[in-house]
Amino acid sequence: MTENKLVATDVSAEGQTVELHQSGFFSLSYSEEDETLIVRWRGEVSSEELRNGYVLVMDHVRQLRVRKWQLDLQNRDTIRGEDQRWIFEHVFQEALRVLNCDIFVAVVLPVFLLDGLVSELSGDELMHDGNFLIMQHFMYREEAQRWLNEMHQPKPSNLSPSGY
């Protein structure tokens, strides 16, 4: 059994990445500057570990209201199809309901694993009440973060209602 450790719960430090959770197979951090939740999986992950990890992800999604996620799967072994469906049908759907806005997910993994990730999707799993979970594949974390930063730009708050 791998020891799980909650590393930090305070994310008030300006402009830094705060480690939220660390275990042998899973780490979760938040980049305040980029407003991004960073989820990294490593090695072989059981169904129970996977589901418990995504429960933690959703806890932080609720707390931080974060709509940009970076899922780093490049060092994770493949998971069962049933677990993959659970992520799409339950985790992503719950995130769309909780946030009630579009969510941007950058998935970092080798190209040869991409088909296995999305092959069984109907597309319905990625939308709820007019909001979409927009997912893009990347080979490197840096390019994933650049895309996330381009996808969700904060709206200017100093404009009048007419836009001038």
**Prompt:** If you check every pair at least six apart or on different chains, which have Cβ atoms under 9 Å apart with a residue in segment 54-78 that is free of Cβ contacts under 8 Å to residues at least 12 places away in the same chain first and a residue that is not hydrophobic (A, V, I, L, M, F, W, C) second?
**Reply:** 63/9
**Prompt:** Quick check, is residue 96 touching a residue at least 24 places away in the same chain (Cβ under 8 Å), assigned to a helix (DSSP H, G or I), buried (at least 17 other Cβ atoms within 10 Å of the Cβ) and not β-branched (Val, Ile, Thr)?
**Reply:** yes
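Mind checking which residues of segment 53-98 are of a type in the set (Gly, Ala, Ser) and within 12 Å of the chain's Cα centre (by Cα)? Spell out how you get there, then give the answer.
Pass one, segment 53-98, residues of a type in the set (Gly, Ala, Ser): 53, 81, 95.
Passing the criteria: 53, 95.
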**Prompt:** What strands (runs of 3 or more DSSP E) lie completely within segment 3-86 and have 2 or more residues being at pLDDT below 95 and of a type in the set (A, V, I, L, M, F, W, C)?
**Reply:** none
**Total residues in segment 123-164, condition of a type in the set (Ser, Thr, Tyr) and at pLDDT 55 or above** = 1
**Prompt:** If the Cβ limit is 9 Å and pairs must be 6+ apart or interchain, which residue in segment 5-31 that is more than 17 Å from residue 141 (Cα to Cα) pairs with which residue that is in a strand (DSSP E or B) and modelled with pLDDT under 50?
**Reply:** 20/6; 21/5; 21/6; 22/5; 22/6; 23/5
**Item:** Matching residues in segment 59-93 - criterion: being loosely packed, with under 15 Cβ neighbours inside 10 Å and closer than 21 Å to residue 140 by Cα
**Value:** 75, 77, 78
**Asked** Is it the case that residue 56 is touching a His at 6+ places or on another chain (Cβ under 8 Å) and surrounded by fewer than 19 Cβ atoms within 10 Å (Cβ to Cβ)?
**Response** yes
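The values are calculated or read from the model by the stated rules, or taken from the named source; none is laboratory data. Values in this document were obtained by computation on a predicted structure and should not be read as measured data. As a convention, Cβ positions derive from the backbone with ideal geometry for all residues, glycine included, and neighbour counts pool all protein chains shown.
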